[in-house]
Amino acid sequence: MTRDTILAAARAVLDREGVPGLTVRKVAARAKLSPMAMYRHFADKSALLDALMDDGLATWGKIVSSISAQDPMAWMEELIEAYLNFALTKPHRFDAAFLLPAPSARQFPDDFAAGRSPALMMIILRIDQAKSNGRFGNEPALDIALSLVALGQGMVSMHRANRFSSEAQFKAIYRTALHHCIESYSVKPLRREK
C-alpha cells in the first residue's frame with residue numbers, strides 16, 4: 001500500500017510541477033513519509049523515475065487500447081489524434097511516458113523490435129494489417145511505426161519549446177506532418193477531412 005501511496009504522491013508532484021520539480025523530498029512530503037522511509041519502497045530516485053515512466057506508458061497503453069476504429073488506416077488517424085490529446089491534456093504524464101530520463105527506458109530499436117512496448121506493438125499490428133490489405137508498401141512495420149513516433153514526439157517537443165505562434169498553428173502543422181508521414185508509406189493516399 002505504501003508503494004502505491006508514494007507513486008500517487010509522485011504523480012501529484014509531477015502533475016503540479018513537472019519533471020524539473022520532481023524531487024524525493026517533495027514526493028516524501030506529499031506522501032507524508034520521511035525521505036528515508038521512501039527508500040524502503042524505491043531504492044533511489046532512479047527507481048522512482050522508472051516507476052513514473054512505467055505509469056505514464058501504462059496510461060498511454062490504455063489510450064491506445066481504447067481506439068475503436070476497425071480499419072487500420074482509420075485506426076492510425078485516431079492514434080494521431082489520441083497522441084496529440086495525450087500531449088496537450090496530460091502533459092506531465094506524457095513527459096513521464098516519453099521524456100523522463102528514466103534509467104530503464106526502452107531503447108530504440110532493439111527493445112521495440114523485441115516487442116517490449118505494448119502500445120508500439122498495437123501500432124505495428126495495424127500497420128501490418130494495412131500492409132496485408134495492400135495499403136502500405138513493403139517497408140518494415142517497425143520502421144513506419146518509429147517514423148510516426150519520432151515525428152509526433154518531435155512536433156510535441158517543438159510545441160513545448162514555443163516554436164509555433166499558437167496552439168492552433170501547432171495542431172494544424174502536427175496533423176499535416178503526421179498525415180504526410182503516413183501518406184509517404186501509403187500505396188493509396190488517405191482521405192482527410194479539411
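Of the conditions (1) closer than 30 Å to R3 by Cβ; (2) among the aliphatic types (A, V, I, L, M); (3) in contact with a strand residue (DSSP E or B) (Cβ under 7 Å, 6 or more places away or on another chain), I127 clears all except one; give me its number.
(1) is the only condition that I127 fails.
Can you list residue pairs whose Cβ atoms sit under 7 Å apart, with the first residue in segment 16-35 being under 14 Å from L48 (Cα atoms) and assigned by TED's automatic domain parsing to the domain that holds T2 and the second being outside any loop (DSSP other than H, G, I, E, B) and among the acidic types (D, E)? Count only pairs 6 or more apart in sequence or on different chains.
Correct list of pairs: V19/D95.
May I ask you to list the residues in segment 70-103 that are polar (S, T, N, Q) and part of a loop (DSSP other than H, G, I, E, B)?
Here is the first cut: in segment 70-103, the ones polar (S, T, N, Q) are 70, 85, 89.
Answer for segment 70-103, where residues must be polar (S, T, N, Q) and part of a loop (DSSP other than H, G, I, E, B): just Q70.
Check whether at least one residue in segment 48-63 is in contact with a strand residue (DSSP E or B) (Cβ under 8 Å, 6 or more places away or on another chain) and modelled with pLDDT of 90 or more, and report yes or no.
No, segment 48-63 contains no residue that is in contact with a strand residue (DSSP E or B) (Cβ under 8 Å, 6 or more places away or on another chain) and modelled with pLDDT of 90 or more.
In this structure, does G134 turn out to be at pLDDT 90 or above and within 14 Å of the chain's Cα centre (by Cα)?
For G134, the condition - at pLDDT 90 or above and within 14 Å of the chain's Cα centre (by Cα) - is not met.
Identify all residues within segment 170-184 that are at pLDDT below 95 and aromatic (F, W, Y); write none if there are none.
Those that are at pLDDT below 95 and aromatic (F, W, Y): none in segment 170-184.
For segment 104-138: of the residues being of a type in the set (A, V, I, L, M) and part of a loop (DSSP other than H, G, I, E, B), which is surrounded by the fewest Cβ atoms within 10 Å (Cβ to Cβ)? Don't jump to the end; show me each part of the working.
Pass one, segment 104-138, residues of a type in the set (A, V, I, L, M): 105, 113-114, 119-125, 127, 130.
The next check asks that each one be part of a loop (DSSP other than H, G, I, E, B); those that pass are 105, 114.
Numbers: A105: 17, A114: 10.
It comes out as A114.
Tell me whether segment 167-183 contains one or more residues that are outside any helix (DSSP H, G or I) and surrounded by fewer than 14 Cβ atoms within 10 Å (Cβ to Cβ).
So far as segment 167-183 goes, no, none of its residues is outside any helix (DSSP H, G or I) and surrounded by fewer than 14 Cβ atoms within 10 Å (Cβ to Cβ).
Since I67 meets every condition but one in (1) of a type in the set (V, I, T); (2) over 19 Å from R16 (Cβ atoms); (3) within 11 Å of the chain's Cα centre (by Cα), which condition does it not meet?
Only one criterion is unmet by I67, namely (3).
Condition test on L99, is it modelled with pLDDT of 90 or more, within 24 Å of G154 (Cβ to Cβ) and of a type in the set (A, V, I, L, M)?
So L99 fails the test.
The values are calculated or read from the model by the stated rules, or taken from the named source; none is laboratory data. In this text, all values refer to a predicted model and were calculated from it rather than measured experimentally. Glycine gets a Cβ as well: all are built from the backbone with ideal geometry, and neighbour counts include every protein chain shown.
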